[in-house]
Structures are given as structure tokens and as C-alpha cells.
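J.: Structure in C-alpha cells, see below.
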Amino acid sequence: MNKKLYHIDKEITAWLKHWGYYFLKYSLALVFIWFGILKPFGLGGANDLVAKTVYFVDSSWFVPLLGWWEVAIGICILYRPFVRVGLFLMAFQMIGTFLPLILLPKVIYIKFPFVMTLEGQYIIKNLILIGAGMIVGSHVRDREKKHNV
């Protein structure tokens, strides 16, 4: 790689490293707030899936509670002192999101284990949210490092 291309590449990757974290953090928060706020008003695309998964709980109060839980996750991720709390809440929420893979195979799979319905794909995309949460969590001590160096 010539020097000019190397310099351009170095600048782009430095920009991505700095701004990519913030984009990821705010995107993650936005997704949780957006998807969460729909649930209490009966507008969430996953409300029926949630109700079918936790059939042993009254969905009239559980789905709205889950929605507000997701809103809380998003708000906590936005406010630095509460990022750890948000990621803790997210960990429990994510465990629940994968339950349909086990409890509702006829709803999730067209052909087990790789061909999934739209609902199955909706669940699997949560792996990306988990990865995003891991990256956000890996930065919770960034300011601490700057002040203690």
C-alpha cells in the first residue's frame, strides 16, 4: 500500500473507531426505546410472539411491562452512569427473547434448524444487539482510564 493510501486508511479507521462507538451506543438505545415504547400501546410487532412464549403469564400486563423494561434499557444506555444497569437489564431481556427458539419451534422454524420464519429471523438478529451491548459495555471505564493515567 502506498503512503497516501495508507494515510487515508489510517484516518478513516481512526474516524470509525471514534464515531462508530457512539453510533452503536445511540443506535442500540434507540432500538430499545423505539421497540419498547410500542408494546404498552399494543403496537409492537412482537407482542403476539411474546404472549405465545410466556403463555403462563397474563400478557395484558406482561407485554406492557416488557415494553417499559426495554425503554428503561435504552434510557440507561444513553446515560453513562446507568450503562451498566442497562446492560444488566438487557442481559435478562435477551435470555427471554431466545425462549421461542425452544418453546415455539413451529412458529420459528420452517425447516429446523436453519430455515426460519420471519419471527425466527427477528429473534436471531438479537445476536447483533448482544454484540452491540458487549461493545458498549467494553467502554464503561473509558473516562476512568483517562483520569487515572
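Bear in mind these aren't lab numbers, they're just calculated from the coordinates by the rules spelled out. Note that this is a predicted model, so its numbers are computed, not measured. Counting neighbours? That spans all protein chains shown, and the Cβs are built from the backbone with ideal geometry, glycine included.
J.: Given the options P100, N126, W68, identify the residue whose Cα lies farthest towards the positive end of the charge dipole of the range 3-148 (+1 on Cβ of Lys, Arg; -1 on Cβ of Asp, Glu).
T.: N126
J.: Of the labelled options (1) 1.09; (2) 0.99; (3) 1.28, which one gives Cα Rg over 2.2 N^0.38 Å as computed for this structure?
T.: This structure yields the entry labelled (3).
J.: Follow-up. Treating cross-link reach as a plain straight distance, find the lysines whose alpha-carbon is under 20 Å from the alpha-carbon of K39, omitting any fewer than eight places away in the same chain.
T.: Counting by Cα, and skipping residues close in sequence, K39 has these lysines nearby: K52, K125.
J.: Here's another thing I want to ask about it. Using a cut-off of 16 Å between alpha-carbon atoms, which lysines can reach K25, once sequence neighbours fewer than 8 places away in the same chain are excluded?
T.: K17
J.: Using helices alone, I'd like the mean residue ellipticity at 222 nm for the chain: each DSSP H run of four-plus residues gives -39500 (n - 2.57), total over residue count, nearest 500.
T.: Taken over the chain, the calculation gives -24000 deg cm²/dmol.
J.: Please give, to one decimal in nm, the separation of the simple spin-label points placed at N2 and D48, each 7 Å out from Cα toward the Cβ.
T.: 5.9
J.: Still on this model: Trypsin sites (Lys or Arg not before Pro) within the range 10-78: which are DSSP loop residues with at most 14 other Cβ atoms inside 10 Å?
T.: Of the trypsin sites (Lys or Arg not before Pro), not one in the loops of the range 10-78 has a Cβ with at most 14 other Cβ atoms within 10 Å.
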